[in-house]
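Encoded as structure tokens, the structure appears first; notes follow it.
The values are calculated or read from the model by the stated rules, or taken from the named source; none is laboratory data. Since this is a predicted model, take the numbers as computed values, not measurements. Cβ sites come from the backbone with ideal geometry, for glycine too, and all protein chains shown count toward neighbours. With ligands, DNA and RNA removed, areas are computed over all heavy atoms of the protein, side chains included. Shrake-Rupley method; radii C 1.70, N 1.55, O 1.52, S 1.80 Å.
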Amino acid sequence: MGGQILGDRYEVDYQLGKKSGRWTLKAHHLDTQAEVILKVLFLDDHLDATDLRLFKREIDTLKLLSHPDTPRYVDYFEMAMPQDGSALVLVQTFVEGKSLAAYLAEDRCLSQGEAIAIAARVLAVLRELHTGTPPIIHRDIRPSNILLRANPNPHSADLALVDFGSVKSLNATTAAFTQVGIDGYIPPEQAGGRVLACSDLYALGATLAEALTGQSPNQLRSQGLRLEIENYAAVSPEFAQWLKQMLAPSLEHRWPSAQAALEALRQIT
């Protein structure tokens with residue numbers, strides 16, 4: 001696949017991912033040599049209406065993003081396929097780095113300091129997304145969607161929040177009827193078909209809990225570790241309590257906003 005030209009201006013370097021009806025490609029612009037990501041959605045008889053809706057929503061969302069820790073919209077076009085049919089192609093900026101999932105797959109865990117640094121950086125992104133016009137809810141925060149840029153050192157917290165294919169633009173009380181996300185990271189209200197800004201906080205909390213303990217959110221929940229994380233990771237009582245509030249199943253006990261969670265986190269040393 002490397003060397004193919006798409007849209008008359010993007011040369012494919014290599015394939016990053018492949019799912020049914022979708023490709024994710026690393027490429028570069030032929031004239032500017034700018035590195036980009038191509039997300040390709042095939043328009044065929046197997047295309048699900050939900051996939052098309054989420055793909056178009058991702059395009060609209062990327063056009064709104066301006067935070068330095070998120071990818072940016074570059075281009076969009078439709079192309080004919082060699083055999084039959086056509087495909088939609090979303091072009092976004094390339095973010096170089098190693099995912100937190102890949103880091104954890106090397107049998108590593110985060111220290112409290114590293115977890116706090118990552119949490120603060122992601123919360124700063126969420127604060128901007130959640131308070132924008134319209135508010136944007138990511139809905140799929142997990143280790144594979146947090147990229148540690150350049151030098152993959154969690155303590156530096158030079159990271160980017162990526163993959164906006166599941167976002168929802170909504171006000172604070174709107175229901176979201178499309179189920180997305182990985183089970184272990186989904187808060188109770190999102191599993192029930194409703195999503196709020198603080199739903200992203202739960203997902204971030206689940207991500208941090210996994211990164212601190214080396215166990216998936218499903219394992220943590222089944223073992224009851226969510227309520228006693230300080231017994232399974234070297235964390236202070238203050239940080240353990242902060243994380244429990246991120247993971248509170250009931251909305252009234254969870255941090256109400258990214259700003260509130262960030263302010264409380266800054267009080268922890």
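The single condition among (1) of a type in the set (S, T, N, Q); (2) open to solvent by less than 20 Å² (accessible area, probe 1.4 Å); (3) in a strand (DSSP E or B) that residue 70 does not satisfy is (3). Only a single item in (1) out of contact with any Asp or Glu (no Cβ under 8 Å at 6 or more places or on another chain); (2) at pLDDT 95 or above; (3) closer than 28 Å to residue 204 by Cβ; (4) of a type outside the set (Ser, Thr, Tyr) is not met by residue 34, and it is number (3). The set of residues in the range 1-55 being more than 27 Å from residue 98 (Cβ to Cβ) and part of a helix (DSSP H, G or I) consists of 49, 50, 51, 52, 53.
Just one of the numbered conditions (1) assigned to a helix (DSSP H, G or I); (2) out of contact with any Gly (no Cβ under 7 Å at 6 or more places or on another chain) is not true of residue 58: (2).
Can you find a residue in the range 254-263 that is out of contact with any Leu (no Cβ under 9 Å at 6 or more places or on another chain), closer than 24 Å to residue 157 by Cα, acidic (Asp, Glu) and at pLDDT 95 or above? Checked against the condition, which is being out of contact with any Leu (no Cβ under 9 Å at 6 or more places or on another chain), closer than 24 Å to residue 157 by Cα, acidic (Asp, Glu) and at pLDDT 95 or above, the range 254-263 yields at least one hit.
Kindly indicate whether residue 136 is open to solvent by less than 30 Å² (accessible area, probe 1.4 Å) and either farther than 23 Å from residue 236 by Cβ or modelled with pLDDT under 95 (or both). Taking the combined requirement at face value, the residue satisfies it.
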